[in-house]
Amino acid sequence: MKNAPRLRLARLPTPIERLDRLSARLGVDLWVKRDDLTGGAEGGNKVRKLEWLCAEARARGADTLVTCGGIQSNHCRATALVARRLGMESVLLLRTADTTADPGWEGNVLVDRILGARIVLVTPEEYRDRAARLAAEAESCTRAGRRPYVIPEGGSSATGVLGYVMAAEEIAGQLAACGGPFDTIAYACGSGGTGAGLAIGARAHLGGVRTVGFAVCDDRAYFERTILGIAAEASDRFGLPPVAAVEIDDRYKGIAYAVNRPEELARIRAVAREEGLLLDPVYTGKAIHGLLSELERDRFAYGRRVLFVHTGGVYGLFAKGREFEGIA
Ligand SMILES: *Cc1c(COP(=O)(O)O)cnc(C)c1O
């Protein structure tokens, strides 16, 4: 990538595996890119972005990573872990309804706390102003004699996007071993960086393959705008092919971000039992529910060969265990 340094932080390449029983049942060739296996506690899609973000942080002499997300943010957990691998500190702005209550010791936030990330709880209203809040945190790090590097929500900056441009290149190198090109690549969309990287990478490395992002919050118009914005900046800065349009499906985001309907949890359980593939409740569970629901309606809705990107997030399950208890 033109002018961009990279650190090796992820275990790559991740495998692409066929989902045999789902493929047989649905009558379509369905595969999964195991980006849940990009690492141990840093695993999931965020560490691909962090390879580029942390390289930039290092190049600027940073010693503290400052970022934000929901209370069970996978991105914040991966950032806190990678910070320690690089001998750095992290500051996490975590969004939660009650900022006076203890954030708990479950799921991702347990990992954040074990790692000793500095956690700053913010209300949903305060979080709307996250760019300003991140800047203020960075400012106070600087006053304390540290050298902060701010990573936007989800690591979805032009720099972070390079992680998924590279993932597309990685997929291109694996096609021969998994039966040839795919007709569609499907993924869960939360802050847009994965989508932007895949959209650019699809053009640069995969012959313009169709990509479909299943939104887990906000809506189609928001993500089309956001993804095209990030992609334009990345294409411009790193000399990559421009992206003219992206496809987002927002019909399966459900009640709200990180809130689950019983059918989503039932789908996670069904896929676990049918394929031995464990998905997360916030992102991949909703996305696979959307993908499989559409395939059940029309098995060729996405062509004959479909690749689903498993972007990780399994720690989120361990903050929601009790919700599975009531699922019929
Ligand atoms: C962050 C995340 C996503 C969404 O990726 P974005 O690049 O933020 O759109 C999908 N799945 C999991 C498990 C995530 O943690």
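The values are calculated or read from the model by the stated rules, or taken from the named source; none is laboratory data. Because the structure is a prediction, the values reported are computed rather than measured. With ideal geometry, Cβ positions are generated from the backbone for all residues, glycine too; neighbour counts draw on all protein chains shown. For accessibility, only protein heavy atoms count, side chains too; no ligands or nucleic acids. Shrake-Rupley method; radii C 1.70, N 1.55, O 1.52, S 1.80 Å.
Odds and ends about this structure:
For (1) hydroxyl-bearing (Ser, Thr, Tyr); (2) under 20 Å from Leu307 (Cβ atoms); (3) in contact with a Cys (Cβ under 7 Å, 6 or more places away or on another chain), each residue gets a yes or a no:
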site	(1), (2), (3)
Ala199	no, yes, no
His205	no, yes, no
Val216	no, yes, yes
Glu224	no, no, no
Asp236	no, no, no
Pro242	no, no, no
Val259	no, no, no
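- Residue identified as open to solvent by less than 60 Å² (accessible area, probe 1.4 Å), in contact with a strand residue (DSSP E or B) (Cβ under 9 Å, 6 or more places away or on another chain), in a helix (DSSP H, G or I) and of a type in the set (A, V, I, L, M) among Val109, Val120: Val109
- Yes/no for Leu115 being open to solvent by 30 Å² or more (accessible area, probe 1.4 Å) and of a type in the set (A, V, I, L, M): yes
- Near pairs, Cβ below 7 angstrom, 6+ apart or cross-chain, from segment 149-173 (open to solvent by less than 10 Å² (accessible area, probe 1.4 Å)) to any residue that is within 12 Å of the ligand (Cβ to nearest atom) and assigned to a loop (DSSP other than H, G, I, E, B): Gly154/Gly190; Gly154/Ser191
- Selection count, segment 294-322, where residues are over 26 Å from Lys49 (Cα atoms), in contact (Cβ under 8 Å) with a residue 60 or more places away in the chain and open to solvent by less than 60 Å² (accessible area, probe 1.4 Å): 5
- Selection of segment 242-253 for residues being surrounded by 15 or more Cβ atoms within 10 Å (Cβ to Cβ) and either touching a residue at least 40 places away in the same chain (Cβ under 8 Å) or out of contact with any helix residue (DSSP H, G or I) (no Cβ under 6 Å at 6 or more places or on another chain) (or both) yields Val243, Val246, Glu247, Ile248, Asp249, Tyr252, Lys253.
- Segment 180-198: number of residues that are open to solvent by 10 Å² or more (accessible area, probe 1.4 Å) and more than 9 Å from the ligand (Cβ to nearest atom): 4
- Residues satisfying the stated conditions in segment 145-171, i.e. out of contact with any strand residue (DSSP E or B) (no Cβ under 9 Å at 6 or more places or on another chain) and either over 15 Å from Gly192 (Cα atoms) or among the small types (Gly, Ala, Ser) (or both): Gly145, Ser156, Ser157, Ala158, Gly160, Gly163, Met166, Glu169
- The single condition from (1) open to solvent by 30 Å² or more (accessible area, probe 1.4 Å); (2) in contact with a strand residue (DSSP E or B) (Cβ under 7 Å, 6 or more places away or on another chain); (3) not in a strand (DSSP E or B) that His75 fails is (1).
- Condition met for Ala55 (surrounded by fewer than 23 Cβ atoms within 10 Å (Cβ to Cβ), at pLDDT 95 or above and assigned to a helix (DSSP H, G or I)): yes
- Residue among Gly213, Gly173, Gly201 that is within 16 Å of the ligand (Cβ to nearest atom) and either assigned to a helix (DSSP H, G or I) or among the hydrophobic types (A, V, I, L, M, F, W, C) (or both): Gly201
- A single member of Val47, Val32, Val91, Val82 is in contact with a strand residue (DSSP E or B) (Cβ under 7 Å, 6 or more places away or on another chain) and either in a helix (DSSP H, G or I) or within 16 Å of the ligand (Cβ to nearest atom) (or both), and it is Val32.
- Within segment 286-305, considering residues that are under 19 Å from the mean Cα position of the chain (by Cα) and among the hydrophobic types (A, V, I, L, M, F, W, C), the one nearest to Val271 (Cα to Cα): Ile288
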